[in-house]
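Down below is the structure, laid out as structure tokens.
The values are calculated or read from the model by the stated rules, or taken from the named source; none is laboratory data. For clarity, every value in this text was computed on a predicted model and none was experimentally measured. Here the Cβ positions follow ideal geometry from the backbone for every residue, glycine too, while neighbour counts run over all protein chains shown.
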Amino acid sequence: MFRLKKLVAKIALASILAFSGQTLFLIHPQELDSANLTAVADTLSTSRLSYYGSLGVGHTAGVTLIKISTSGMPSTSTANLFTGESVLIGDTTTASTYTVDDIYDTDEFTITAGLGAGDNDSGDLVIATRSATHTVTFTTASAIANGAIRILIPSGTNGNNDGIPNHDGFDFGFTTPSLTGPSGGGVTSWETATATASAGTWCTAGNHCFEARYNGTNNVNAALTFTIGGANKLINPAPGAGHTAGTADTYTVTIQQLGPMTSQYPVIDSTTVKIAVIESVRVTATVDPTITFTVASVGVGVTACLQTLDITSTATTIPYGTLDLASFNDAAQQLSAVTNAAGGYAVTIISDDQLSVGGDHAVEIENTDCDNENCTDTVSGRWSSENDISGFGFSLHNIDANTAPFWYSTTTGNCSGGSFCARMIPSTATASETPDDSDTALQIMSRSTIPSTTEDLYVCYRLVADTTQTAGDYENNVTYTATATF
Amino acid sequence: MINRCKLLTTIVCISLYLSFYTPVQAQTVSLSIWPPILDVIIKPGKAVTQVFRFTNNGDNTTITASIVPFEPADNFGHVKLSSTPSPATAYFSLQNADLNLPATFALKAGESQELVLKIRVPDTAPEADHCLTFLFDSSNLGLIAGTGTKTQGSIGANVLLTVSKTGQPVRLAKIDSFTLSPCLFNLSPCLLDSFDQPQFKFLVKNTGRNRFKAVGQIDIRNTFNKKIATLGFRQDNVLANSSRYLTSDTTWNPVFPVGRYQATAAITPEDSTNTVSQTLTFLILPYKALLILGLFWFFFYLIKKLKN
């Protein structure tokens, strides 16, 4: 009995000692070879969801307004469709490509050409694929000889390599995606990267497999990049089941470093990352076409048409007041015009008559005929010196306008040798002064395209009253009219 | 002494104030209108309305709105207001409860006024095109003491109205001219320098009774008959019995072109199949550079000969 007790005690002691030894191992466990890859990322060149919807009912051949079925498909509205995009409409065998012209409302959009016969059946597919390049970056954790890098990207369950977007994964596409395998990393050489669609040879269903094998041993902490895409890309998923517009669908991508072929490429290190795909936001805004025209005063002392102005104008008057006789009295107004209408704009000028006392059209200061009696409302002439004969005229000073019929600085033709090239102001009055009779309004600034900025010019008025001019307050009316090009 | 000092200070202050005047540029007449153009095809007996928004960005003013006929001022789409009465002005009215055409209303600085323009075409109205401007005149309330000119700012929105029983008026076009510049000595075919910028001018005439929008382009082919550029025309309105230069949205900027080229301009009035086209053949050579090289060679040859 004592011996038995002694034996039990010995066994118990041995067990305790054995367990104590194991505890020591637990405290200082032996390091394993497996670890996580670090700094892992999969960057998509576009994270837009693909579009996969179907036609609603009631389409006839030739229509351009397309109505989307609002149930039963991954895409049930026009969200994530954009003007100018290509869409495939029709059944899977005879579908045609169309261009989105505009988004009409939440379930209707227009196409630039009429819907073809055969593409107009209710339930025909409406597809817009969005393909992305995956740039996968990671840092190795282990030095593994003659191993491989493998990227697993979720595929859909069915039809995951037919070029049609899936609602549950990335489609492999008709053509094998372009690959750029890793380089460097301390290995002796990299073999050509391979791509295998889901359920292909050595690739289990559920993921597309992308592999890059290497010879030699990689460095620990080697930063590597594996690019999947280029000329040929994976097709992004369509919205998943229960998708809410504006909320991303997420997919898990796995990055693995495998052991050597002699060990049948066991997974040594593995890390997963999440990638998200979401609709793009459609930003819409309407810019109304308008035309804006401004007449502004110009003050005394300002230089316009190379003249220091004697009078301050207002936006509605050129108030000469009491004139200096037998000398030039100069004033100006500034005109500004801008439009975003495609054809541009034009501004014209016309008066009701020559200056007359109280506007009576009888006792007048005649429109100038310039220094050499050779200017009219359509022909420019030099008016630099003749200030002893009454006259009223104008010139133009380009600030940043595009087109004008003449400038004060013109020195050709009748304006040669002068510093102020002038004209009569065209007038609607009848035969008040030949040829100043029922003139056409003169276009003084214009543009046939959309100006890049507001365009400005000075209209410079010059008035001379000779010493024999009948006393009185002389007046007339000048009208500037701005219109868009038709 | 104190009084003299005060007087001197006052004089200096007034002198400084008068010396440093600021030119006055505050007052403005500033008018803005949306939309700048309205394009309507309407059947007799029908009506259409359009809201025009007029904004006064300048000082307080009084506006008079009216419908005025216009005619083309040139071949570039600019407007010449006409004093010839148009029967179509009777088709226009305002839906605003308090305004009738011609309408006069006061508008303070920064305020806008929306005018609901109704176009009602009588059942008996003949088929025709009407070109009108919805004109807004700001009143010239400026008072002049002494001699002066009262100026008035006006702004207009163009209304292109086509009365058509079918809604599909016949639209016919003819090419008035299709030219290229700068051509050396106006030779035919045109000879351009490789370093010059080719400029096409395309004038189209509306030979029908109704206006149309011109849809078309210029296709350029090289020596090997390969299409190398397409310059699309802006879809401008060409009024009946008038001509208009069409503008391309893009320019042709070839890199050192050499050889024989062909440019074919084709336009089709919108909603019609009446396409008209014209082809222009031209040559592009670096003749200026060749001329300079030739002169260099000539002088070199001359000097060499003289030395010998």
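With the checklist (1) in contact with a Phe, Trp or Tyr (Cβ under 8 Å, 6 or more places away or on another chain); (2) within 12 Å of A:Tyr461 (Cβ to Cβ); (3) among the aromatic types (Phe, Trp, Tyr) in hand, flag the one item A:Phe293 doesn't pass.
Every condition holds for A:Phe293 apart from (2).
Six or more apart or on different chains, Cβ under 9 Å: which pairs go from a residue in segment B:237-251 that's more than 12 Å from chain A (Cβ to nearest Cβ) to one that's in a loop (DSSP other than H, G, I, E, B) and among the basic types (Lys, Arg)? Could you list them?
Final answer for the pair search is B:Ala240/B:Arg209; B:Ala240/B:Arg211; B:Asn241/B:Arg209.
Checking B:Val79 against (1) within 7 Å of chain A (Cβ to nearest Cβ); (2) closer than 23 Å to B:Glu127 by Cα; (3) out of contact with any Cys (no Cβ under 9 Å at 6 or more places or on another chain): exactly one of these is not met. Which one?
B:Val79 satisfies every listed condition except (3).
Table: residues versus (1) within 24 Å of B:Thr133 (Cβ to Cβ); (2) touching a strand residue (DSSP E or B) at 6+ places or on another chain (Cβ under 6 Å).
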site: A:Asp330; (1), (2): no, yes
site: A:Gly344; (1), (2): yes, yes
site: A:Asp352; (1), (2): yes, yes
site: A:Gly358; (1), (2): no, no
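Please pick out the residue among A:Leu309, A:Leu323, A:Leu335 that is within 11 Å of chain B (Cβ to nearest Cβ) and at pLDDT below 90.
A:Leu323
Which strands (runs of 3 or more DSSP E) sit wholly inside segment B:60-143 and have at least 1 residues that are in contact with a Lys or Arg (Cβ under 9 Å, 6 or more places away or on another chain) and farther than 29 Å from A:Ser448 by Cα?
B:61-72, B:92-94, B:112-120
Evaluate segment A:422-432: report whether one residue or more is outside any loop (DSSP other than H, G, I, E, B), at pLDDT 90 or above and of a type outside the set (Gly, Ala, Ser).
The answer is yes, given that some residue of segment A:422-432 is outside any loop (DSSP other than H, G, I, E, B), at pLDDT 90 or above and of a type outside the set (Gly, Ala, Ser).
Every residue in segment A:56-77 that is at pLDDT 90 or above, touching a Gly at 6+ places or on another chain (Cβ under 7 Å), in a loop (DSSP other than H, G, I, E, B) and farther than 30 Å from A:Thr254 by Cβ, please.
A:Ser69, A:Thr76
Restricting attention to segment A:263-277, does a residue exist that is under 30 Å from A:Arg130 (Cβ atoms) and either within 14 Å of chain B (Cβ to nearest Cβ) or in contact with a helix residue (DSSP H, G or I) (Cβ under 8 Å, 6 or more places away or on another chain) (or both)?
Looking through segment A:263-277, none of the residues is under 30 Å from A:Arg130 (Cβ atoms) and either within 14 Å of chain B (Cβ to nearest Cβ) or in contact with a helix residue (DSSP H, G or I) (Cβ under 8 Å, 6 or more places away or on another chain) (or both).
Against the definition (modelled with pLDDT of 90 or more, within 14 Å of another protein chain (Cβ to nearest Cβ) and closer than 23 Å to B:Gly208 by Cα), how does B:Asp137 come out, yes or no?
Spelling it out, it is not the case that B:Asp137 is modelled with pLDDT of 90 or more, within 14 Å of another protein chain (Cβ to nearest Cβ) and closer than 23 Å to B:Gly208 by Cα.
Which of the residues spanning segment A:379-420 are under 21 Å from A:Asn329 (Cβ atoms), part of a loop (DSSP other than H, G, I, E, B) and touching a residue at least 60 places away in the same chain (Cβ under 8 Å)?
Those that are under 21 Å from A:Asn329 (Cβ atoms), part of a loop (DSSP other than H, G, I, E, B) and touching a residue at least 60 places away in the same chain (Cβ under 8 Å): A:Trp383, A:Glu386, A:Asn387, A:Asp388, A:Ile389, A:Ser390, A:Tyr408, A:Ser409, A:Ser419, A:Phe420.
Provide a single number: the residues in segment A:44-55 that are buried (at least 18 other Cβ atoms within 10 Å of the Cβ) and either more than 30 Å from the chain's Cα centre (by Cα) or not in a strand (DSSP E or B) (or both).
So the count comes out to 2.
From the list B:Pro87, B:Pro44, B:Pro69, which residue is crowded, with 17+ Cβ neighbours inside 10 Å, at pLDDT 90 or above and away from chain A (no Cβ under 11 Å)?
Of B:Pro87, B:Pro44, B:Pro69, the one residue that is crowded, with 17+ Cβ neighbours inside 10 Å, at pLDDT 90 or above and away from chain A (no Cβ under 11 Å) is B:Pro69.
I need a count of the residues in segment A:274-306 that are in a loop (DSSP other than H, G, I, E, B) and either within 29 Å of A:Arg447 (Cα to Cα) or at pLDDT below 85 (or both).
17
Go through segment A:86-142 and give me each residue that's of a type in the set (Asp, Glu) and within 29 Å of the chain's Cα centre (by Cα).
Within segment A:86-142, A:Asp101, A:Asp102, A:Asp105, A:Asp107, A:Glu108 qualify.
Only one residue in A:Gly418, A:Gly472, A:Gly413, A:Gly391 is surrounded by fewer than 17 Cβ atoms within 10 Å (Cβ to Cβ) and more than 11 Å from chain B (Cβ to nearest Cβ), so which one is that?
A:Gly413
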